[in-house]
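Below is one structure; the comments refer to it alone.
The values are calculated or read from the model by the stated rules, or taken from the named source; none is laboratory data. Small disclaimer: the values here were computed from a predicted structure and weren't measured. Positions of Cβ are generated from backbone atoms using ideal geometry, with glycine treated the same way; all protein chains shown enter the neighbour counts. To get the accessible areas, we keep the full protein, side chains included, count just its heavy atoms, and leave off ligands, DNA and RNA. Shrake-Rupley method; radii C 1.70, N 1.55, O 1.52, S 1.80 Å.
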Amino acid sequence: METNSENISTPRNGSWSNSNHPSIVTGIVFCSAFVLEAVLIVVGNLLTIVLFAINRNFRKKSLLLVVNMACADLMQGTVSLPMNTYLVGGDLKLWLYKGDTTSKIFYRVFDDVFMQASILSAALISTERFYAIRWPLKHRVLSTRVYHIAISISWAMAFVVSAILSLLTFFVSIKAFLHFWLPYTLALMCVMFGCNLSIWRKFRHGRTFAMQNNRASQNQRLVKTLLLITIIALLSWIPLIIMNTLLVFNFSINWNVYNGASFLNFSNSLVNPIVYALRIPEFKRALGSVYCCRKRLANKSVTANERRENRLTDSMKDTQLRAISASLEVFDTRL
């Protein structure tokens, strides 16, 4: 990533002038917020994946894309966000940091892969829901294999786009990166916006799932949930897109504003598990079953402890009775 004496490069391709350089306190606040955000992202998305793995009722075709997004978000919280925090703190001299090209390339590649996987997952969910509403009968006969292929293609695209972005960043310029990244990201945003607009119009005219009256309520709730997820994804990406668009036109970006947009972008990975827990019935039931299992195990443990204590008390009583009997026998013998 290019640097010079007048500008300092940010980990996510922004830049700020030395006059806008943040204070140490501001850097500590942002790094602490990033660390807390990473922990919550990992916990929430890991729980989503584990519940999907252990609960068969959670394994619906339409939820495969949700779990795919959870995997991408988990990797953002595990890899991208910690590395982003390390680079932000290193630039502010909060800890020892070697700004060598190898570490920057490593971060750039992995951050781009998981960032693209996350936004492609959101676009894939929008497209799948649009297809389900536009052609409900054809959607019902889609096999699980089709979903697996679509997910594989999205990850392959994420790796290809990441490779292109990394080559442009390190062998051409940051502006070349932005000239490719902005149209590509805006195209995905347009796809998501168009699909969501079409879904909203279907709901407004009351024609959603007209052929499936017996399952209309469940399907509409799922569509609204996935619609909410993609809208949140749109809102979390728009500020970062605006920041990078301004950089193309050589606008000076304040450090706090840019990293605030980056924080908001990462927060999309945190909000998704919360939406799953509040809106998806299967997720609620899976959480409830886990809680009930823990409660049963706790009750069994308490019962086992009580039994153990009762046995110990009984054995102590028997020992005392034997001791008393032995004392009485000795006393009778002496008499």
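Can you tell me which condition Met115 does not meet? The list is (1) in contact with a Leu (Cβ under 8 Å, 6 or more places away or on another chain); (2) open to solvent by less than 40 Å² (accessible area, probe 1.4 Å), and all the others hold.
(1)
Please find, among Arg145, Arg129, the residue that is more than 23 Å from Leu235 (Cα to Cα) and either open to solvent by 70 Å² or more (accessible area, probe 1.4 Å) or of a type outside the set (Asp, Glu) (or both). Working first, answer last.
Numbers: Arg129 fails: more than 23 Å from Leu235 (Cα to Cα).
Result of the check over Arg145, Arg129: Arg145.
Got a number for residues in the range 55-96 being in a helix (DSSP H, G or I), under 29 Å from Tyr131 (Cβ atoms) and open to solvent by 70 Å² or more (accessible area, probe 1.4 Å)?
2
Looking at the range 150-162, which of its residues are open to solvent by 60 Å² or more (accessible area, probe 1.4 Å) and over 16 Å from Ala122 (Cα atoms)? Outline the logic, then answer.
Step one: list which residues in the range 150-162 are open to solvent by 60 Å² or more (accessible area, probe 1.4 Å), which gives 152-153, 157, 159-160.
If the condition is that a residue be open to solvent by 60 Å² or more (accessible area, probe 1.4 Å) and over 16 Å from Ala122 (Cα atoms), then Phe159, Val160 are the ones that fit.
What are the residue pairs meeting all of these: first residue in the range 83-104, first residue hydrophobic (A, V, I, L, M, F, W, C), second residue assigned to a loop (DSSP other than H, G, I, E, B) and surrounded by fewer than 18 Cβ atoms within 10 Å (Cβ to Cβ), Cβ atoms under 8 Å, and 6 or more apart or on different chains?
Listed pairs, sorted by first residue: Leu87/Tyr97.
Restricting attention to the range 223-270, and to residues there that are farther than 30 Å from Phe203 by Cα and of a type in the set (Ser, Thr, Tyr), which single residue is most open to solvent (accessible area, probe 1.4 Å)?
This residue is Ser252.
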